[in-house]
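Laboratory data are not the source of any read-out in this text; all were calculated from the coordinates shown. Predicted model, so just to flag it, every value in this text is computed and none were measured. Cβ placement follows ideal geometry from the backbone for every residue including glycine, while neighbour counts extend to all protein chains displayed.
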Amino acid sequence: MPTQIAVMHENPWEMALRQFHRAADHLPLKRGIRDFLVFPHRELTVNFPVRMDDGSVRIFTGYRVHHSTVLGPTKGGIRYAPQVDLNEVRALAMWMTWK
């Protein structure tokens, strides 16, 4: 059971990187190509104010990651939740590239 708990709290980006490297180890890829395939093409972080019902203003943060544009327009993972962070969006975008 402790293994399941550890996996639930694992950094998704680190998990995606491990998966990539494990697969890439079986392919004849040069270092530069591996680096190109690993790192996202573009990352965008936005902070925007929202006026709440009670009149207060809260700042919300959003992320957009384009992992690879090699096959045309990108589609990253989409997740709307308060606990989403850049590492999760990076991982979702990478997984969409390999999907």
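Summary table below
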| read-out | value |
| --- | --- |
| Within the chain, helix-based [θ] at 222 nm, where runs of 4 or more DSSP H residues each add -39,500 (n - 2.57), nearest 500 | -12500 deg cm²/dmol |
| Sparse-neighbour loop sites [GluC sites (Glu not before Pro); the range 9-62; at most 16 other C-beta within 10 Å; DSSP] | Glu10 |
| Charge context of Ile78, other residues only, Cβ under 13 angstrom, K/R +1, D/E -1 | +2 |
| Angle in degrees between helix 12-24 and the longest Cα principal axis of the chain, rounded to the nearest 10 | 20 degrees |
